[in-house]
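Right, one structure below, let's go through it.
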Amino acid sequence: MKIEILTFTGGPFVQNTLLVVCEDGRTGLLIDPGAATPDALAAARARDLDIAALLLTHAHVDHIDGLKEAKAATEVPIHLHPLDRPLYDNAANLALAFGVSFAEPPPPDIDLVPGTSIAFGGSEFDVVFVPGHAPGHVMFVSTAHPVAIVGDVIFRGSIGRTDLPNGNYGVLMESIRSQVLTLPPETRLYPGHGPETTVGLERDTNPFVLELHSGRWV
């Protein structure tokens with residue numbers, strides 16, 4: 001069987017909360033539970049899925065503002081890269097700066113370790129370190145299917161912002177060059193905002209990753 005990825009979008013930042021239906025058809029993963037978390041949880045209940053984990057690509061407020069509800073509803077571990085723990089712990093202050101409401105979640109349970117794999121319900125993902133937008137940003141790359149969940153590293157025709165605390169444009173571009181664009185061109189990319197895309201499309205058309213005059217990768 002193939003994995004299925006359902007996208008639920010909501011909130012002032014128009015953020016994508018992802019529900020992964022694993023290959024066994026019974027296990028679900030909730031990734032970056034933001035404002036649309038209630039819709040994702042409702043879909044999981046409708047499919048009678050057993051949510052096995054709450055996975056975070058990074059800890060910006062729009063990607064965790066549904067996490068308290070998700071944790072209460074599922075009682076499963078929260079997985080986060082430890083370099084993003086300061087962002088996680090200060091998310092309420094960032095929410096205040098943006099003028100949005102925020103329900104503080106409990107502490108993370110499990111550290112994500114780049115270079116390792118995580119497996120749930122017959123589906124396995126490599127944890128890949130892609131800092132720049134956030135210091136502890138990771139993406140989840142399926143080991144069996146051409147699928148990558150990329151958070152706010154790259155979008156269709158754009159890239160993640162680097163003007164937030166601890167963002168770094170040069171580091172982000174190196175993450176994109178070395179970790180995203182080297183995936184097979186047919187790999188489907190599921191970002192934290194906007195529609196899905198593919199590595200090939202971004203390699204060929206994304207103005208942020210092409211030199212406009214020479215057409216070479218940055």
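The values are calculated or read from the model by the stated rules, or taken from the named source; none is laboratory data. All values reported here derive from a predicted model rather than from experimental measurement. With ideal geometry, Cβ positions are generated from the backbone for all residues, glycine too; neighbour counts draw on all protein chains shown. Heavy atoms of the whole protein, side chains included, go into the accessibility calculation; ligands, DNA and RNA do not. Shrake-Rupley method; radii C 1.70, N 1.55, O 1.52, S 1.80 Å.
Please give the per residue accessible area of the chain, computed with a probe of 1.4 Å over protein heavy atoms only, in Å². Don't skip to the answer; put the middle values down first.
On the way: 9390 Å² over 218 residues.
About 43 Å² of surface per residue is accessible.
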query: Working out 0.36 nm times the residue gap between residue 178 and residue 145, then minus their Cα-Cα distance, what length gain in nm do you get to one decimal?
result: 9.9 nm
message: Quick check on the chain: take the gyration tensor over C-alpha atoms, sort the square-rooted eigenvalues as a ≥ b ≥ c, and tell me if it's rounded (a/c under 1.5), prolate or oblate.
response: oblate
statement: the range 96-113 scanned against label point 7 Å out from residue 90 along Cα→C-beta; backbone N under 20 Å for 96-108
query: Expressed as a whole percentage, what fraction of the accessible surface of the range 79-179 belongs to carbon and sulfur atoms when a 1.4 Å probe is rolled over the protein heavy atoms?
result: 53
Residues of the range 29-48 with amide N under 13 Å of the 7 Å Cα→Cβ point at residue 72: 38
